[in-house]
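These notes concern the structure reproduced below.
What follows draws every value from the coordinates through simple rules; no lab data is involved. Since the structure is predicted, the reported quantities are computational estimates derived from the model, not experimental observations. Using ideal geometry, Cβ is built from the backbone for each residue, glycine included, and neighbour counts are taken over all protein chains shown.
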6 protein chains.
Amino acid sequence: MEATAFEDYTIGSTRESFGRTITEADLVAHAGHTGDFFPHHVDEEFARSTPFGGRIAHGTLVLSVGIGLLAREINPLSFSYGYERLRFVRPVMIGDTIRTRATIMGKQDDPKRMDHGRIIERCEIVNQRNEVVLVADHIRMVQRRTPAGGSQPGAAQSRIDQLS
Amino acid sequence: MEATAFEDYTIGSTRESFGRTITEADLVAHAGHTGDFFPHHVDEEFARSTPFGGRIAHGTLVLSVGIGLLAREINPLSFSYGYERLRFVRPVMIGDTIRTRATIMGKQDDPKRMDHGRIIERCEIVNQRNEVVLVADHIRMVQRRTPAGGSQPGAAQSRIDQLS
Amino acid sequence: MEATAFEDYTIGSTRESFGRTITEADLVAHAGHTGDFFPHHVDEEFARSTPFGGRIAHGTLVLSVGIGLLAREINPLSFSYGYERLRFVRPVMIGDTIRTRATIMGKQDDPKRMDHGRIIERCEIVNQRNEVVLVADHIRMVQRRTPAGGSQPGAAQSRIDQLS
Amino acid sequence: MEATAFEDYTIGSTRESFGRTITEADLVAHAGHTGDFFPHHVDEEFARSTPFGGRIAHGTLVLSVGIGLLAREINPLSFSYGYERLRFVRPVMIGDTIRTRATIMGKQDDPKRMDHGRIIERCEIVNQRNEVVLVADHIRMVQRRTPAGGSQPGAAQSRIDQLS
Amino acid sequence: MEATAFEDYTIGSTRESFGRTITEADLVAHAGHTGDFFPHHVDEEFARSTPFGGRIAHGTLVLSVGIGLLAREINPLSFSYGYERLRFVRPVMIGDTIRTRATIMGKQDDPKRMDHGRIIERCEIVNQRNEVVLVADHIRMVQRRTPAGGSQPGAAQSRIDQLS
Amino acid sequence: MEATAFEDYTIGSTRESFGRTITEADLVAHAGHTGDFFPHHVDEEFARSTPFGGRIAHGTLVLSVGIGLLAREINPLSFSYGYERLRFVRPVMIGDTIRTRATIMGKQDDPKRMDHGRIIERCEIVNQRNEVVLVADHIRMVQRRTPAGGSQPGAAQSRIDQLS
């Protein structure tokens, strides 16, 4: 558990997870966990007749497992605030192996919390052919070493740095 | 499996799921499903020392189960495209009971697919005190009965109806 | 949750579930859930040497999942009383896809509860070749709008309507 | 794996399983396994408002686990044929401990298989107060050492021994 | 539950379990149970590039399931004390079928408990080719009918019988 | 995935895991995973009558989860060879929180593999009162940067460094 303050995040820095093969057991588990037994996920006969040609993983499965793959290092100063621009780009089929690349895309002051800042971390979940299957901007709220706008009151709230 | 075309969605219409109690077993299952064993979710001793006073559900657990609660009716003409403005508003503790309210907030033409349109369905996951714990705009791509902009070419792409 | 009173059930009416593929993960889960690790279910080497030529699903797995497939609509006026003539007709192998057809076969007064009646719902679980793998008569106790035999005391108890 | 032929079953003989506490985790697992997320089983708020005062186990859970409790000894000459008179007698609540008593109630010739006979084994699943929660007559098809009616053709089919 | 006292164990006596096929679902379950998602166990792409050519079961999976296979008979006078010489001899791949052979190798007085003795039970977990995949000496503490060294004080502690 | 060669392990160095609360769901999962449904683990009524006063975790559960807690960093040069002196020191009850401390206790040449060495890592699994519940010496085989005994043939095999 290594503490990283808001100030220490660098725009453009990246991390990448290990891989994990999405199995039939994962689909059964996710259907049972969520109660979503739609035939696209659990009926092989039906699924074969769709354009995908087989059962596809639930969108929430790909998100949950893909984000979970990053959960190796804990930053005690950070908590998850939400997501923007989450898109299910390609289907994940049984047997596909996914891993997650995360890039710090932007840093923003938080309008309400002077002692925190927002980190925008783009998460790209890719398959074994390096094709993006899910993309989302994860907004993480991270504690600052020193409150925003200490010496220059008012200025802090409007400061936004972004990777273009 | 009742087919509902894009044209038949009404802005402002709502649906609400049954309730489901989030159990310790759900947290253990989600940790094991995703590999996220952060102490906030699985270490009661640590969790008691946090401002929440106990283990909290993973954000992806609340999303997955909350969205899954809506998975009772299938619209074969619809598929999930993504999410916007997903926010973890309040923690979900072991023993909380959640249910999901969904409201059609907007309808949009899709820039690339003339035979589909986008439905913006706001999903509010609430707890037993009717407090919102998670909110997200679910973007669903739904097939049209008749392609957009047939008689008035060009016009279709820019049409956006929205619940203000 | 739509309430359907005893009087509103029609003999001969039917409903049919979605399909679900029975996976190796389902067999492992059911063995672990019930503690039944008989080699017919979990030892592929042994199972190959049997007339079935492979691992077969537990009878209680087929029943539990098959009946579960019908659990999409809830009738709050109904509860499960029991089963008659439950038969394991054919084995279900890993990879088979089952779905459930239910037909109202009979309606009976209940000897003890004047405000309820018994619905006999025949459940046929079939595989992807439309072969029946399990059949059972589900007895459901359903509330009446008006108690049985109100105007004609004594008559109610003996009334039985049945699909021949 | 000890082989017991049809002839060696004695009417009136009994066996009793160990006990097993039905946990919240079991209900979550069974809901996920079967897709039956009815609020009686998974919504504590709703369940508290019912006459039972809390979440109750699925009928198929009690049957599956209760019968599974007997799965310690395997008779390779026996297979499960079906059930009669299966009744859900009392609810099983989270925290109840069940065990299963089985009594050989009858032996019958099988009309189609001369080399097998039917064993009727009454299964009573009881709770920690020794109250019956589920009862069912399990019909097991068991191989004979010598085919039925060998010396007295015709007689075998009609022979039925029963515990009154 | 048959009670077997320390005195009744015979050096050289053996027992053997049923078989169980280790499935992809078992690996997913064990990863989720333990939090060990190392790519050797859950990333098929990575695993194919290793000398094993595929995903291998966790060592603790093989031990847990292999020892669990022996858990059919309970001796209420015995409890598990620990293991010696536990070795992971060969990898277990998805689809391998394991079973466990146990041999009483030795009996020892316990230095602290006069009313118990130690049973050394060698557990060999073998695959479908009868190759040992894991071996371990299970030390079980078993109650005696009569305390050790009653008539000959001092002698008991040093008595060790062993299968050479 | 950071590679650490045999030469870079330092006797006396330690690492410590996060904590994890052992839940009722974990016991149910482990019973189902292994098939060990002994009443000490799954029958609360029985367990209350034992000296422990409640259900205790399986020994293999404590080992699997405790060792799994260390599975955050992967050393691609290391694989698990086995365990010595594994002892179940204290029971783990539902609700206990465990974490694992590991100390490099010794380094040994391997008699057969000149390019590997053995690391003896003592694993102490402790509960929330810092009491040891399980201790074991994990033997890990780790690749060397340079094969043992290159310049002084014969000497390498007998070199053993140990923390006394």
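Quick look at the numbers
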read-out	value
Prolate/oblate/rounded label for the protein assembly as shown (Cα gyration tensor, a/c 1.5)	oblate
Pseudo-label separations to other copies for A:Asp8 - Cα-to-Cβ vector, 7 Å, nm	2.1, 5.6, 6.3, 6.3, 7.1
Degrees between helix F:24-34 axis and first principal axis of chain F (Cα, 0 to 90, nearest 10)	60 degrees
Selection from A:Gly82, A:Met114, A:Ala47, by position along the positive dipole direction of region A:6-124 (Cβ)	A:Met114
Approximate spin-label separation A:Thr146-F:Lys112, in nm, with each point projected 7 Å along Cα-to-Cβ	6.2 nm
Distance in nm between pseudo-label sites at A:Ser13 and B:Thr50 (7 Å out along the Cβ direction from Cα)	2.3 nm
Dipole magnitude of chain E about its Cα centre (Cβ charges: Lys, Arg +1; Asp, Glu -1), debye to nearest 20	400 debye
Per-copy distances of the E:Thr50 label point, shortest first, in nm (7 angstrom along Cα→Cβ)	3.2, 3.2, 3.2, 3.4, 4.6
Distance in nm between pseudo-label sites at D:Gln162 and F:Gln162 (7 Å out along the Cβ direction from Cα)	7.4 nm
Inter-copy spacing of A:Arg85 label points, which lie 7 Å from Cα along Cα→Cβ, given in nm from shortest upward	1.8, 5.6, 6.2, 6.2, 6.9
Distance histogram for region F:16-95 (every C-alpha pair counted, 5 angstrom bins, percent rounded to whole numbers)	3, 13, 22, 22, 17, 12, 6, 3, 2, 0
Average beta carbon contacts from partner chains per residue of C:44-50, 10 Å cutoff	4
Normalised contact order of region F:56-133, rounded percent, pairs of Cα under 8 Å and 6 or more residues apart	31 percent
Separation of alpha-carbon centers, region D:64-143 and region B:1-42, rounded to whole Å	37 Å
Per the axis that maps chain E onto chain C, nearest residue of E (Cβ criterion) and its distance in Å	E:Ala25, 2
Cα centre as origin, Lys/Arg/Asp/Glu Cβ charges: the protein assembly as shown dipole, Debye	0 debye
Dimensionless Rg over Rh [region C:59-119; C-alpha; Kirkwood]	1.02
Cα-only radius of gyration and Dmax that characterise region A:6-149, units Å	17.5, 60
Mean separation of Cα contacts under 8 Å (6+ apart) over length of chain A, as relative contact order %	28 percent
Cα long-axis angle, helix D:59-68 against chain D (0 to 90 degrees, to the nearest 10)	50 degrees
Residue mean of other protein chain beta carbons inside 10 Å, C:69-76	5
